[in-house]
1. Add +1 for every Lys or Arg and -1 for every Asp or Glu among the other residues with Cβ under 12 Å from the Cβ of A158, and state the total.
2. From the backbone phi of the range 85-99, what are the Karplus-calculated ³J(HN,Hα) couplings (6.51 cos²θ - 1.76 cosθ + 1.60, θ = phi - 60°) in whole Hz, Gly and Pro given as x?
3. Among N87, F127, A177, whose Cα projects farthest towards the positive end of the dipole of the range 87-256, with charges put on the beta-carbon of Lys, Arg (+1) and Asp, Glu (-1)?
4. Excluding residues fewer than 8 places away in the same chain, name every one of the lysines whose C-alpha is closer than 20 Å to that of K215.
5. Taking the Cα centre of the range 107-230 as origin, work out the dipole magnitude from +1 charges on Lys and Arg Cβ and -1 charges on Asp and Glu Cβ, in debye rounded to 20.
6. Any idea which of C253, A511, V136 is furthest toward the positive side of the dipole for the chain, if Lys and Arg beta-carbons carry +1 and Asp and Glu beta-carbons -1?
7. Given contacts defined as C-alpha pairs under 8 Å and at least six residues apart, what's the relative contact order of the range 127-283, whole-number percent?
8. Take every DSSP beta bridge whose two residues both sit in the range 87-256, then give the antiparallel share in percent to the nearest 5.
Amino acid sequence: MGTAQAGQTDTEQVVFPPPPSFSEQAGVCSMQQYQQMWDDAADDPEGFWGRLAKEELYWFHPFDKVLEWNEPYAKWFTEGKTNVSYNCLDVHLDSWRKNKAALIWEGEPGDTRTLTYAQLHREVCKFSNVLKALGVEQGDVVSIYMPMVPELAIALLACARIGAIHSVVFGGFSSEAIAERNNDASAKILLTADTGWRRGSQLPLKETVDKALEKSPTVEKCIVYRRTGSEVNMVAGRDLWWHDLMESASPDCPAEPLESETPLFILYTSGSTGKPKGIKHTTAGYNLYAKMTSRWVFDLKDTDVYWCTADIGWITGHSYIVYGPLSNGVTAVMYEGAPNWPDESRFWDIVDRHQVTIFYTAPTAIRAFIKWGDQHVEKHDLSSLRLLGTVGEPINPAAWMWYHEKIGKRRCPIVDTWWQTETGGIMMSPLPGATPTKPGSCTRPLPGIIPQIVDEKGNELGTGQQGILVITKPWPGMLRGIWGDDDRYKQQYWSTIAHNYLAGDNAMCDADGYYWIYGRLDDVLNVAGHRLSTTEVESALVSHPSVAEAAVVGRPDDVKGEAVAAFVTLSSGDANEDLRKQLKQHVRQQIGAHAQPDDVRFAALLPKTRSGKIMRRLLRDIAAGKETIGDTTTLEDYSVLASLRSDEE
Ligand code: WT7
């Protein structure tokens, strides 16, 4: 490996060793130390995880076995009893951390709140009692559709405290999507807020929930947090105000000792079919994995002010705003609103005012910062920062370099973290005090993680060869299944490559053992760091009365990574601008704003092979404006191609 050289143009060849001043103070301070940990875990995974579980989690009752692996079902730390809420809160109350800031929250309008560990614990206990008083018991599902306010974190921890299972639905999803998730999980309670702030205007959360509840027969009560004070419709007997319930709630609620495999949460993610998958995570293994990966990857210290900009509606927020950081007793920043409100310097203003030391965001956000211009960054003092991170999609080397230079001022290591909703926590990432980084690579697997690149037959591929990324051994943070669908769990993750977990990504391992992720192998898009199923968008389009058939593909986008391009044939109506708008709006209503197609193109027919399969590769090329290459002799109708090309927006 070479080291960074001025003037070098091929950034993929550049290597950035950790700054010595960073390594000196880091928890893992050298590649030898990393390698030792990785080897220990690989040689004796049960010994490795068992030791950590004993040291790092509080046990009401000790576990007797580290792992029961009945492929593809894992049980970690069986017979043990612990509680995630206890591990995030109570464990800190007997130490000086009791009065340390757990959450520093900032609302979009500029209001701020700080909750110490003791204060957060008190709120969580009270809300646990609120849930209990409404009849919520262990195993009940609580659906959560809330803005990024402390009460969202409080809700998660309160569920965890009593063994209720939370299912957070990101605040951008539509009423249809909320109802679908409520029904799939048989949710009993729904938590929401009146409205939420977004770029100075208000998101009608309660109104959206009202529509969802018309189609959610299992939901008995809806608890509404008053965020903005906007007037909302409250249905007598069903809807209750958060503050009314909290007023009389007791702050005394001991954490329930829960068996290690007690479900902790469900989080829906898109798969290659139209139906979202309820990814199931459980108590002890997830807790340990979120805790250890947070500490290793972010080199957490008691002096840190750690900020992950994700929304708690996605897995990143679950693991790296709530469970990981709080288990480690760190101070975490939580921000409610948009990065460009009131202007494009908002994030840097937050870093400056709260003296943020660790900043974790998505490549799509970085590309937006680049587009907005350096002047927004330069207005603020970023010298508190010591470590930067990215997640959600491959980071292009140019964005990596900008992040390194303009935000990190060439001082801060960058951790490019590869993982998934299913993996529970980070799987591959540099350890910032140890691993030399290469822009665009998530570098090496974390201890206990054994990836492999294989071909379709499962044969391991050599250095530099692109192939299918699998994980060969179970790990504590792994998903335990798809809610209510064991067949899909086996089919999706464990049947393509026998005895291996299929990540669904296309990847390569280079001569230094560094992994490079090239994107999905299936028809799943990555739009602004979020997974979106093409089939789901297609189903939404086809549910519109004017649409006969739809095909959705991704096209490269400078900021979002991938944009959504839809090709539509009509059964009625005219292929005009008005219908184009209607169709975009329709997808927004069916799924949510993030799924709205960027392009809608009308066609008389969709290009298909003789066997009737839509030629997606061709559509991708057309969407990207590239000349079509390759064999198109099986095209059903050559004229289709010409008509699609000419219908540019
Ligand atoms: C998919 C998982 C994990 C939290 C956010 C997304 C892609 C994620 C990286 C990265 C390249 C990445 C993969 C993965 N991805 N992180 N650092 N480099 N690709 O979670 O919605 O479950 O999506 O995001 O394609 O499979 P998710």
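Rule-based calculations on the coordinates, nothing more; no lab input. Quick caveat: nothing in here was measured; it's all calculated off a predicted structure. In this analysis, Cβ positions are derived from the backbone assuming ideal geometry, glycine residues included, and neighbour counts consider all displayed protein chains.
1. Neighbour charge sum, excluding A158 itself: +1.
2. For the range 85-99, the Karplus curve yields 4, 5, 5, 8, 10, 4, 4, 8, 6, 8, 10, 4, 5, 3, 9 Hz.
3. Result: N87.
4. K188, K206, K275, K277
5. 320
6. Checking the options against the dipole of the chain, the answer is C253.
7. Reported relative contact order: 24 percent.
8. DSSP beta bridges in the range 87-256 are roughly 35 percent antiparallel.
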